[in-house]
1. Assign one of three labels to region 146-237, namely rounded, prolate or oblate, based on the Cα gyration tensor with a ≥ b ≥ c the square roots of its eigenvalues; rounded applies when a/c is under 1.5, prolate when it is not and a/b is larger than b/c, and oblate otherwise.
2. Please state the shape class of region 224-292: rounded when a/c is under 1.5, otherwise prolate if a/b exceeds b/c and oblate if not, all from the C-alpha gyration tensor.
3. Across 5 Å bins from 0, what is the distribution of all Cα-Cα pair distances for region 49-165, in whole percents?
4. Please state the shape class of region 184-280: rounded when a/c is under 1.5, otherwise prolate if a/b exceeds b/c and oblate if not, all from the C-alpha gyration tensor.
5. Whole angstrom only: what separates the Cα centroid of region 247-292 from the Cα centroid of region 87-101?
6. Suppose R0 equals 22 Å. What FRET efficiency, 1/(1 + (r/R0)^6) with r the Cβ-Cβ distance, do residue 88 and residue 59 give to the nearest 0.05?
7. In region 156-184, whose amide N lies under 17 Å from the spot 7 Å out along Cα-to-Cβ of residue 74? List them in ranges.
8. Using alpha-carbon positions, what is the distance between the centroids of region 202-240 and region 1-49, in Å?
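Values quoted throughout were computed directly from the atomic coordinates according to the rules given, and no laboratory measurement underlies them. All of these numbers come straight from a predicted model, not from anything done at the bench. Every residue, glycine among them, receives a Cβ derived from its backbone with ideal geometry; neighbour counts consider all protein chains shown.
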Ligand code: ADP
Ligand code: MG
């Protein structure tokens, strides 16, 4: 094994916007059997836009949006920003939200104008005994379009359904196809709804999908994939991806993502362009050939 070939490989990678934070990652990356990707912000642009708003029968859209935006104004989640932008576009004055609590991987709860709000996934509603049956047809069709469904409960009753669209990155499908051509399997691990994950995976040509995964569960998913497929790399951008990035045989962080993700990773794709993963793999394999 020559330190020189590792230096050369690391330098070539840096020229292509791929930073190897650890020299040994140059070797392990070339040997991965599978690359698993986070969805939001990794495969998608990570800037969701609110596209659908379905109030439960008899409820007023504008007053619901005011209350929900008030609660979301205290959250850093991309979905929160999408909802805030929609409220701003309508020039709504927001009330003050109290007792705001983030529920990691599920959504959030808050108290607004004396009402108890619960905002987030179907799982969050289920866990709180809120039935969303009346909205299930729209819930299914949002997922089929690859949009993230967000449910709202007010005082324990279902009150609204939002849909947020987050387009896939240009070039993502081509990058995944190139990885598959190189014999690397690709997978998606996401906290998003199952139907949404499957629809986005279909757009991108991904066969293995793990959805509705809580942040701690991403690490377990990497372990399961490794047991089934061999050496696994994980690509992610969020705070909730840090455990999976650390667990994977190689962790690749999106450079435009959170600091926590970058610090947990072995490799950084500086621009967030997934072609970086393809280049990194090629350089890694070329380096391995030189060493052997
Ligand atoms: P991802 O793997 O897509 O980054 P997260 O763990 O951040 O997923 O979130 C998983 C799910 O939890 C989201 O798809 C959404 O349904 C819900 N959620 C999380 N935070 C919020 C929020 N601030 N507002 C509404 N829904 C949220
Ligand atoms: Mg993400």
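1. Values: a/c = 3.17, a/b = 1.64, b/c = 1.94.
It is oblate, given that a/c is not under 1.5 and a/b is not larger than b/c.
2. Details: a/c = 2.24, a/b = 1.26, b/c = 1.78.
Oblate.
3. Using 5 Å bins, I get a P(r) of 2, 13, 25, 27, 22, 9, 2, 0 for region 49-165.
4. Numbers: a/c = 1.33, a/b = 1.24, b/c = 1.07.
It is rounded, given that a/c, with a ≥ b ≥ c, falls under 1.5.
5. Region 247-292 and region 87-101 have Cα centres separated by 39 Å.
6. On the way: r = 21 Å, r/R0 = 0.97.
For R0 = 22 Å, the calculated efficiency reads 0.55.
7. What the label zone holds, given the 17 Å backbone N cut-off, is 156.
8. The distance from the Cα centre of region 202-240 to that of region 1-49 comes to 17 Å.
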